[in-house]
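The values are calculated or read from the model by the stated rules, or taken from the named source; none is laboratory data. Just so it is clear, the model here is predicted, and its values are computed rather than measured. Please note: Cβ atoms are built from the backbone with ideal geometry, for glycine as well, and neighbour counts cover all protein chains shown. What goes into the accessible areas is simple: the full protein's heavy atoms, side chains included, and nothing from ligands, DNA or RNA. Shrake-Rupley method; radii C 1.70, N 1.55, O 1.52, S 1.80 Å.
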Amino acid sequence: MLPSSSRSDDDRRGAGLRGSALAAAIGNAVIALLWALALVAGGYGLALAHGPPLVVVAAAFTIATLATFLRRQLGGRRRRERRLLADTLATLGQGRLICDGRGRTLLVNEAFRRLVGGAERCGLTDLVRCFDREPAFRRLTAAADAGDAAAADLAATVPEGSARWLRVQVQPVAGWPGAVRWSVEDISERHGFEQQVRAEQERLRDFIDHAPVGFFSVDRHGRFLFVNQTLAAWLGCAPSDLVNGACRLHGILASPPAGAAAYDLFEDSGTDQQGELTMVGRDGRRFRAVVAQSVVRSADGHSLHTRSVVRDLTVERAWQEALRLSEQRFHRSFEDAPIGIALVDPAGVLAECNAAFAALVDLPRSELIGRLVADLLRGEDRAAVIGRLTGVEDGKDPAKPLEVRLIGGRHLTAQLFAQRIAGIDTGQPDGQAAGPPEGQAAGQTGGMILHFIDTTEQKKLEVQFIQSQKMQAVGQLAGGVAHDFNNLLTAMIGFCDLLLLRHKPGDQSFADIMQIKQNANRAANLVRQLLAFSRQQTLQPRVLDVSEVLDELSNLLRRLIGENIELRVLHGRDLGLVRVDQGQLEQAIINLAVNARDAMPGGGQLTIVTSNLSASAPLQRGHEQIPPGDYVMIEVIDTGIGIPEENLPRIFEPFFSTKEVGSGTGLGLSTVYGIMRQTGGLAFVESTVGEGAKFSVVLPCYQGEAVNADTGALPEPRDRLIADLTGSETVLLVEDEDAVRVFSARALRNKGYQVLEAKSGVGALAHLEAPDREIHLLITDVVMPQMDGTELYQRVRSSHADMKVIFISGYTEDRIRDQLGSDDLVYFLPKPFSLKQLTGKVKEVLRGGN
């Protein structure tokens, strides 16, 4: 409602207007009356003479009076409307400005002046001053000029200096041509709230995109509606590649569910789906994942979408594998350690021990836990052990182990190593707790780990360590170090044989020496396998029928693979013949069978299949290419655990093994590869994890006539027993390796021979040219400085044509024969050799040889 004062003024102005109208009406009536009187008094003629002017005057007066009345009525109405609009604007919280077509202020309220910061008569210029540099405000002024409505959110700096956000709207005023209404509203608080909401939304979007799990959603056709950045990265693409591309849900699954809907993950579809599956990325990368999915349907059931969460199991499986390996390493280092390990608390009470320690003291572990470790030692050693443990507990670090004797049926002597560690929970049963020794405070934390090493096994462990170091060096140098390595092995084996002459069975050192010799012989076998891989071994090829070889070998294979593995041998028809070294072929098949056996720890089936293979064009098998030709193929198929795809390219590399440490040398398959390559064949593998493996070897068919290898005569045994290895002849020994020469010379002198030593071919010639000296046999190395063995042999032949010569070398015999040709007086003894082999060969050659 309007104020009472305003209503009174309007009433007075209305009354004035109504009085003016009444006066005009009275005036008109008077004029009409006068005209009537004139008609009556003057007659018709007077009326005709004076009537028209009077009528005109009356009409003009009437029109003027009515115009004045209407103008006053309209002006009053507009004033009332303007006053009503001004009063209404004054009560609004929003700023209002009404301008005419020229931008002149018609109405403005206090809120506008407060928000824009103008004076009492502020107007459009103040608004322009605030936002003239804003492109959005220019669009508003353009809309005002065009008579259109528009709005924009603008930042303004108010006179107080603080920034605020204003929403400015412009629209034409209905009924007022050219008039424009500007509205200004303070939206700073709402704008700040919207910014906060947008920031929260951005943080939420960033969290979802980079969460450690994947999110996606698909429609009923399997089209991607949403994919977060994490899942897209796992799949090797961007989210837009999946959402905007042609890829479907089943396109990223390694095994899509058969017969399921396009949005289903598993064959057992439903509203809630959860399980483990394999996903495939754009680059072919596969990874296992756990997926939980909910299917959301619309109210009318015509549309649906999924809410799916993916968790990549790669890291989890890696941690599980790392944990398993860690536990396995602990199990090997503690439970399966070859030395006795015991954990004791500060009081010297045994808290835990491994099986090796229990075996040392010959007591079950259940009877050991909770006992004082000093009670497990012989009485005369207890004081020394207690003193050693006390010193270790006080922080001393003794450099040398302590020799102790343990109780038990065997009364073993061991070396004791003690080290202080963190506190140990004894875990001893109630009633078995032992109090701390004198001087030890109750509740003291700490403890010790004790290692007991049986001294009878110490030498064996040292030899194993040395052998592992040498094996590592051999693994790096492969077959290139065979010559030098065989020299070392010759010395090791030879000096072991010399020691065994003084240490008979029953001697304390006999077992240690035998262990050294046995491990040296094992190293010699590894060198032979390296030579096989590097294709430097001596072969004696024969024409063979592969079926016959397998039949002869099947009984041995059955014993090798065990009773829990079934062996099947399937022969192909009309197999071609091959020309190979039978022993090497058998070795290759045995290596493949043993490898298959190790892949089937729980049992299985081993199948050996033979067949003919004819290739008219090159065939690609794995990384190998089979040239055109006719071949005999042998396939060794197992039902084991299979080989991971990433290991297939390296499967034939020497020293590459997927077995646990100590379970193999890594030379079995590389030996197969080397034998096949040296024979002219190939070896390759096909495997799928969980489905077993198939190793195939192909050998070229022999194109000549079949040859019967049997001559009818019984061969002379190679290892004839020579009871008497002594002699008195003079032997010239030429060897640049001091260790090999010293051992060989001592071995021959022990048998009664006269031995002349030379470190090179030049020194050997000096002995040969000496007068009055008869030399019956020359033993020489092949590779030597200054003058090698072949040159020495040629020089000897020129002056001593009938002298017998034995070449000793780590190289193969056929390489030496190629340099020397045929000579019945030349013999070969491969390195490494033992004392018996050396003296036996010398005796055989001097007695006549073969």
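Each Lys and Arg Cβ is given +1 and each Asp and Glu Cβ -1; about its Cα centre, the range 277-378 then shows a dipole of about 700 debye.
In terms of the mean number of neighbouring beta-carbon atoms within 10 Å, the peptides 497-505, 510-518 order highest first as 510-518, 497-505.
The protection proxy used here, the mean number of other Cβ atoms lying within 10 Å of each residue, ranks peptides 390-397, 138-145 as follows, highest first: 138-145, 390-397.
The portion of the accessible surface of the range 584-658 made up by carbon and sulfur, rounded to a whole percent, is 49 (1.4 Å probe; DNA, RNA and ligands excluded). Site pair ASP772 and SER547 shows an inter-label distance of 7.4 nm when each label is modelled 7 Å from Cα along Cα→Cβ. Computed from the C-beta positions of ARG307 and GLN625, the FRET efficiency with R₀ = 45 Å rounds to 0.30.
Computed with a 1.4 Å probe over protein heavy atoms only, the accessible area of ARG741 comes to about 20 Å². Between ALA258 and ALA322, the FRET efficiency from the beta-carbon distance, with R0 = 51 Å, is close to 0.90.
Around the Cα centre of the range 538-622, unit charges on the Cβ atoms of Lys, Arg, Asp and Glu (plus for the first two, minus for the last two) sum to a dipole of about 200 debye. With the simple model of a label 7 Å out from the Cα in the direction of the Cβ, PHE207 to ARG297 spans 3.2 nm. The length gained by stretching the chain between ASP802 and ASP738 to full extension, at 0.36 nm per residue less their Cα-Cα distance, is 20.2 nm.
Once the Cβ-Cβ distance of PHE510 and ASN647 is raised to the sixth power relative to R0 = 60 Å, the FRET efficiency obtained is 0.90. Across the range 108-260, C-alpha contacts under 8 Å between residues 6 or more apart give a mean separation that, scaled by the residue count, equals a relative contact order of 12 percent.
What does the accessible area of GLU691 come to, in Å² to the nearest 10, when a probe of 1.4 Å is used? We get 140 Å² for GLU691. Only protein heavy atoms count here; under a 1.4 Å probe, THR780 has an accessible surface of about 0 Å². Each peptide in 553-565, 340-352 receives the mean, over its residues, of other Cβ atoms within 10 Å, and ordering these scores from highest gives 340-352, 553-565. Across ARG205, ARG288, ARG164, the residue with the most accessible area heads the list, and the full order at a 1.4 Å probe is ARG205, ARG288, ARG164.
The distance between label points at GLN274 and VAL315 comes to 2.1 nm (points 7 Å beyond Cα on the Cα→Cβ vector).
Considering only Cα-Cα distances, which of the following residue pairs are longer than 22 Å: LYS400/LYS504; LYS504/LYS843; LYS504/LYS831; LYS517/LYS836; LYS504/LYS841? Checking Cα-Cα distances, LYS400/LYS504; LYS504/LYS843; LYS504/LYS831; LYS504/LYS841 exceed 22 Å. Averaged per residue, the range 569-699 has 45 square angstrom of accessible surface, using a 1.4 angstrom probe with ligands and nucleic acids left out. Once the chain from ARG378 to GLU194 is taken as fully extended at 0.36 nm per residue, the excess over their C-alpha distance is 57.8 nm.
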